[in-house]
Ligand code: HEC
Ligand code: HEC
């Protein structure tokens, strides 16, 4: 009861002052073109995996939502992971990387999958000598004085990922002043997104990706994944996950850290019940879905390598 009252007060205060909580993403980020090109080559290269079977792009499909549309991902030798692959699109705008935020930025993140035993299962001390025998050697040398190192591989990948942004979504155009860019129903949805309290957590440039929060505030969820608790071992972090971005959300099913929900409609209903302690009418959900559809941005040009 007290929780509900507190939430209602916060939500009312916020909805009065929440217009600035979501910002459009920039149309372009400055990148070092040589590093980004090298990073792109690495992103598509299966040689980064121990048996040459898997590249970053195998789990982060760039012609679609930047994820793999599976509940959890499969790495080398068919090894099954435990978490849903988030999109790489707009990841650069997130305040931390991974569902539990264990990497502080893209560069720190990029080292993870290469040595993760259920993903690419390689080891830098074997991978680097292999890459030295390829045309990567002169390419790295031309950019990085110390040549091919784990740090430089991650640096190039991270630079490339800065190009993986999806600007100019109808909602971004709306925020920039084009009031006709989204439908009347989507406008109702945006208002509900604020007044119901979704924006308490899904805010910032990515409409998410700016904080952690608990999955299951009003309804106990029986999760096996402890989320941030596994990183910090602090009781208050149990079942806390990075609030995911809602950009391009209609392209990145299935949903949640374990990918258990295939329907976006049901994911919204779950959020309403678990995070806000309220049921939603069909019309409210329809409007929120119409709003969420306005978050699809433009994919970068020339996604696939030449
Ligand atoms: C086998 C599938 C697989 C491969 C290969 C893979 N990823 Fe991922 N990626 C995932 C999964 C699953 C997660 C979420 C893991 C977690 O949160 O614990 C993830 C998370 C990420 C994130 C964090 C996004 C966010 O919102 O937190 C980025 C960025 C990323 N991967 C980039 C890469 C890059 C770069 C490579 C290649 C070096 C790569 N991935 C290879 C499956 C994969
Ligand atoms: C108290 C914080 C909080 C509130 C309020 C909240 N969410 Fe979430 N949302 C989260 C967290 C945390 C997750 C990730 C949960 C997980 O996978 O464990 C999430 C996940 C989602 C997802 C799935 C995203 C994906 O990539 O898997 C959708 C869709 C979503 N929220 C929409 C909404 C909508 C719509 C509302 C309002 C009705 C809302 N959320 C309210 C914190 C919140």
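Neighbour counts of other C-beta atoms within 10 Å: give me 80, 162 arranged from fewest to most.
Least to most surrounded, the residues fall as 80, 162.
With springs connecting C-alpha atoms under 10 Å apart, model the chain as a Gaussian network and identify which of 91, 23, 110 has the largest mean-square fluctuation.
Residue with maximal mean-square fluctuation among 91, 23, 110: 23.
Can you tell me the 0 to 90 degree angle between the C-alpha axis of helix 264-276 and the longest principal axis of the chain, rounded to 10?
Between helix and principal axis, roughly 70 degrees.
Once both axes come from the Cα atoms, what is the angle between helix 184-195 and the longest principal axis of the chain, in degrees from 0 to 90, rounded to 10?
Once rounded, one gets 90 degrees.
Quick one: grab the alpha carbon gyration tensor of the range 182-306, order the square roots of its eigenvalues as a ≥ b ≥ c, and give me rounded if a/c is under 1.5, else prolate or oblate depending on whether a/b is larger than b/c.
oblate
How do the peptides 238-249, 49-60 rank, highest first, by the average count of neighbouring beta carbon atoms within 10 Å per residue?
Numbers: 238-249: 22.1, 49-60: 19.0.
Highest to lowest by the protection proxy: 238-249, 49-60.
Only helical DSSP H runs with n ≥ 4 go in: add -39500 (n - 2.57) per run for the chain, normalise by residue count and round the 222 nm mean residue ellipticity to 500 deg cm²/dmol.
Working: 12 runs with 116 residues, N = 306.
Result for the chain: -11000 deg cm²/dmol, rounded to the nearest 500.
Just to be sure I understand the model, the point goes 7 Å from the Cα along the line to the Cβ. What's the resulting residue 53 to residue 176 distance in nm?
Between residue 53 and residue 176, the label points sit 4.4 nm apart.
Taking the Cα-to-Cβ direction at residue 221 and at residue 28 and moving 7 Å from each Cα, how far apart do the two end points lie in nm?
Spacing of the two 7 Å Cα→Cβ label points: 3.9 nm.
Taking the highest mean first, how do the peptides 144-152, 216-224 order by number of other beta carbon atoms within 10 angstrom per residue?
Packing order, densest peptide first, comes out as 144-152, 216-224.
How would you classify the chain from its alpha-carbon gyration tensor, with a ≥ b ≥ c the square roots of the eigenvalues: rounded for a/c under 1.5, else prolate if a/b is greater than b/c, otherwise oblate?
It is prolate, given that a/c is not under 1.5 and a/b is the larger ratio.
With r as the distance between the Cβ atoms of residue 64 and residue 260 and R0 = 22 Å, compute the FRET efficiency 1/(1 + (r/R0)^6) and round to 0.05.
The formula returns an efficiency of 0.65 here.
Hey, fewest Cβ within 10 Å first, where do 104, 187 land in order?
104, 187
Angle check, please: helix 2-16 long axis (alpha carbons) against the longest principal axis of the chain (alpha carbons), in degrees 0 to 90, nearest 10.
80
As a footprinting exposure proxy, order 202, 61, 20 by other Cβ within 10 Å, with the fewest listed first.
If I rank by nearby Cβ atoms, fewest first, I get 20, 61, 202.
What distance in nm separates the simple spin-label points at residue 105 and residue 141, each placed 7 Å from Cα in the Cβ direction?
My value for the distance between the label points is 2.9 nm.
Pulled fully out, how much extra length does the chain show between residue 286 and residue 303, if you take 0.36 nm times their separation in residues and subtract their Cα-Cα distance? The partial results should precede the final answer.
Working: separation 17, 0.36 × 17 = 6.12 nm, distance 3.24 nm.
Here the answer is 2.9 nm.
No lab work stands behind these numbers, since they all come straight from the coordinates. Everything numeric in this text was worked out from a predicted model, so none of it was measured. Cβ: placed from backbone, ideal geometry, glycine included. Neighbour counts: every protein chain shown.
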